[in-house]
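Read through the structure below, which is laid out as structure tokens, and then see the notes.
The values are calculated or read from the model by the stated rules, or taken from the named source; none is laboratory data. Given the structure is predicted, the values throughout are model-derived calculations rather than measurements. Positions of Cβ are backbone-derived with ideal geometry, glycine not excepted, and every protein chain shown enters the neighbour counts. To get the accessible areas, we keep the full protein, side chains included, count just its heavy atoms, and leave off ligands, DNA and RNA. Shrake-Rupley method; radii C 1.70, N 1.55, O 1.52, S 1.80 Å.
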Amino acid sequence: MTGEFFRFSDGDATMNTQRNATLTVDGKNIDLPVYSGSIGPEVIDIRQLYAKTGMFTFDPGFMSTAACKSAITYIDGDAGVLLYRGYPIEQLAQNCDFLEVAFLILKGELPNAREKEEFDTIIKRHTMVHEQLIRFYSGFRRDAHPMAVLVGVVGALSAFYHDAMDISDEYHRTVSAHRLIAKLPNIVAMAYKYGRGEPFMYPRNDLSYTANFMRMMFGNPCEDYVPNPVLVRALDRILILHADHEQNASTSTVRLAGSSGANPFACISAGIACLWGPAHGGANEACLQMLEEIGDVSRVGEYIKRAKDKNDSFKLMGFGHRVYKNFDPRAKLMRETCHEVLNELGLHDDRLFKLAVALEKIALEDEYFVSKKLYPNVDFYSGIVQRALGIPTQLFTGIFALARTVGWIAQWNEMISDPEQKIGRPRQLFTGAEQRNVPPLDKR
Ligand code: SDX
């Protein structure tokens with residue numbers, strides 16, 4: 001592990017107090033500090049609210065709550081802007097590869113040529129997994145959902161890497177971050193191979209990060225696998241688009257798990273479990289299943305109608321977002337990547353892609369979607385392009401988890417490094433039974 005130490009970002013998330021907000025409760029004025037960050041909405045510091053009023057705030061789903069300060073990713077949902085450490089996602093997707101973006105998210109700055117080479121080498125040296133971890137897979141059914149395998153195997157990493165799990169030691173945190181970023185492609189590819197009954201492929205250090213992943217996925221021991229550079233670039237861009245996204249559900253899960261002092265492998269496993277849900281990272285798998293179910297443009301109207309029906313739980317998968325009330329910039333980049341891949345593979349007449357384009361057009365012209373500001377999100381096109389790349393539907397969210405591990409571990413480290421960090425422990429509005437006595441059994 002020598003020579004792999006680089007400091008995580010010291011881009012401290014500063015807060016400036018500019019004024020107070022005054023809350024009047026039962027005729028009593030309470031002054032609460034208002035903080036501003038570098039860009040984006042200000043916050044009202046309510047940490048003293050309970051002490052001063054005996055009241056909690058009430059915000060299920062955290063619609064109006066900043067759970068932390070962060071300097072990593074900024075989203076302007078109304079303007080459709082996504083910045084990683086200040087750089088627009090469009091420019092990063094165009095000018096960088098995934099490991100450069102990983103370095104940026106972790107360290108706060110883009111690597112220069114020497115740093116890039118050094119970081120690529122560090123990550124390559126961590127791609128193999130412990131040989132005993134490989135045996136872990138045989139405990140799963142062959143038809144297990146890959147996300148179930150990832151939750152188990154990533155959590156099990158904490159049983160193998162005791163040499164760097166002191167989370168108070170920045171060097172240990174750095175090595176664990178490298179291990180997770182490097183091993184996830186291998187672990188995801190092994191989940192795929194295990195499900196198909198094919199032999200695992202060992203990583204190759206002469207390949208780039210994403211080419212290595214594609215070879216571990218689609219290669220076999222009987223012949224050389226030569227990655228298609230257009231497809232490698234497309235998948236590398238997909239990883240960039242999914243690398244981080246502020247305080248989404250899975251990132252918040254990683255932060256909350258980490259706030260107890262749990263080790264990074266257990267925290268990332270918790271993030272994977274949360275990402276699996278169809279309302280979150282599982283939406284790309286659900287979106288492709290929805291497109292398959294719709295089947296033909298002639299049936300789009302029927303599903304748009306269902307999506308608008310309050311009595312129908314059906315939602316248009318890949319549409320809507322808690323933050324974006326304009327186009328998700330990643331959806332536009334994903335649609336372009338889709339075009340590139342389908343053209344490269346001679347699939348420009350792909351049935352599902354044409355159906356998706358038609359569905360997007362119809363939805364965006366429908367008053368319901370317009371009035372509720374529901375636009376395609378990152379998951380709408382990602383399933384189509386991943387299917388074209390040969391990735392099975394059930395593995396789409398595994399690819400998302402592979403990419404998001406960078407964001408999760410950077411956010412986890414930012415939290416652990418914060419001197420004000422406390423264990424996360426929300427309260428509640430209790431609506432249950434008031435205190436009562438237990439009646440004897442014959443009196444119940
Ligand atoms: C990701 O947070 C992140 O950053 C997540 C993510 C990331 O990178 O980490 O961006 C990745 O999770 C993208 C989202 C993928 N999920 C989907 O595509 C599933 C379909 N979308 C919906 O489930 C929904 O839009 C959410 C979960 C994404 C957002 O839910 P919100 O913010 O809680 O919005 P909401 O459910 O309150 O919706 C507001 C209104 C509701 O109607 P009303 O109650 O106001 O009458 O819009 C409706 C919803 O019923 N609505 C939809 C809809 N999404 C919202 N109606 C039909 N189809 C939809 N897709």
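Residues of region 101-127 that are among the aliphatic types (A, V, I, L, M), surrounded by fewer than 20 Cβ atoms within 10 Å (Cβ to Cβ) and either in contact with a strand residue (DSSP E or B) (Cβ under 6 Å, 6 or more places away or on another chain) or assigned to a loop (DSSP other than H, G, I, E, B) (or both): LEU110 alone.
Exactly one residue out of GLU360, GLU302, GLU344, GLU365 is closer than 29 Å to MET217 by Cβ and either surrounded by fewer than 18 Cβ atoms within 10 Å (Cβ to Cβ) or small (Gly, Ala, Ser) (or both): that is GLU344.
This table checks each residue for (1) without any contact (Cβ under 8 Å) to a residue 24 or more places away in the chain; (2) open to solvent by 20 Å² or more (accessible area, probe 1.4 Å).
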| position | (1), (2) |
| --- | --- |
| LEU99 | no, no |
| ARG141 | yes, yes |
| VAL154 | no, no |
| PHE160 | no, yes |
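The lone criterion from (1) under 19 Å from LEU106 (Cβ atoms); (2) modelled with pLDDT of 75 or more left unmet by THR24 is number (1). Once region 67-85 is narrowed to residues that are open to solvent by less than 10 Å² (accessible area, probe 1.4 Å) and out of contact with any His (no Cβ under 9 Å at 6 or more places or on another chain), the residue that is farthest from PRO426 (Cα to Cα) is TYR84. Listed by position, the helices (runs of 4 or more DSSP H) contained in region 300-405 that have at least 3 residues being acidic (Asp, Glu) and farther than 22 Å from GLU246 by Cα are 329-344. The test for being in a helix (DSSP H, G or I), among the polar types (S, T, N, Q) and either touching a residue at least 40 places away in the same chain (Cβ under 8 Å) or under 25 Å from SER269 (Cβ atoms) (or both) holds for GLN132.
Within the span defined as region 234-251, every residue fails to be open to solvent by 40 Å² or more (accessible area, probe 1.4 Å) and more than 10 Å from the ligand (Cβ to nearest atom). Of the residues PRO264, PRO221, only one is crowded, with 18+ Cβ neighbours inside 10 Å and over 12 Å from the mean Cα position of the chain (by Cα); which? None of the others qualify; the one that does is PRO264.
Close Cβ contacts (under 6 Å, 6 or more residues apart or on different chains) running from residues in region 427-444 that are under 27 Å from ILE46 (Cβ atoms) to residues that are open to solvent by 100 Å² or more (accessible area, probe 1.4 Å) comprise LEU429/PHE58.
Against the criterion of being more than 16 Å from GLN394 (Cβ to Cβ), more than 10 Å from the ligand (Cβ to nearest atom) and either in contact with a Ser or Thr (Cβ under 7 Å, 6 or more places away or on another chain) or among the small types (Gly, Ala, Ser) (or both), GLY295 qualifies. Residues that are of a type outside the set (Phe, Trp, Tyr) and part of a loop (DSSP other than H, G, I, E, B) do not occur anywhere in region 172-193. Within region 320-332, can one find any residue that is of a type outside the set (S, T, N, Q), over 18 Å from PHE369 (Cβ atoms), crowded, with 20+ Cβ neighbours inside 10 Å and more than 12 Å from the ligand (Cβ to nearest atom)? The answer is no, given that none of the residues of region 320-332 is of a type outside the set (S, T, N, Q), over 18 Å from PHE369 (Cβ atoms), crowded, with 20+ Cβ neighbours inside 10 Å and more than 12 Å from the ligand (Cβ to nearest atom). You will find that of GLY407, GLY398, the residue that is farther than 16 Å from MET290 by Cα, more than 14 Å from the ligand (Cβ to nearest atom) and modelled with pLDDT of 90 or more is GLY398 and no other. Taking residues in region 388-410 that are over 14 Å from ARG179 (Cα atoms), and partners anywhere that are open to solvent by 10 Å² or more (accessible area, probe 1.4 Å) and part of a helix (DSSP H, G or I), the pairs with Cβ atoms closer than 6 Å and at least 6 places apart or on different chains are LEU389/LEU231; THR393/GLU285; GLN394/PRO146; LEU395/PRO146; LEU395/TYR192; PHE396/GLU285; THR397/GLU285; GLY398/PRO146. Of the residues PHE380, PHE353, only one is of a type outside the set (Ser, Thr, Tyr), free of Cβ contacts under 8 Å to residues at least 40 places away in the same chain and buried (at least 16 other Cβ atoms within 10 Å of the Cβ); which? The match here is PHE353.
State whether one or more residues within region 292-306 are within 26 Å of the chain's Cα centre (by Cα) and among the aliphatic types (A, V, I, L, M). Taking every residue of region 292-306 in turn, none turns out to be within 26 Å of the chain's Cα centre (by Cα) and among the aliphatic types (A, V, I, L, M).
Every listed requirement among (1) surrounded by 21 or more Cβ atoms within 10 Å (Cβ to Cβ); (2) within 15 Å of the ligand (Cβ to nearest atom) is met by ASN311 save one, (1). Scanning region 267-284 for residues that are within 11 Å of the ligand (Cβ to nearest atom), assigned to a helix (DSSP H, G or I) and open to solvent by 20 Å² or more (accessible area, probe 1.4 Å) yields one hit, CYS274.
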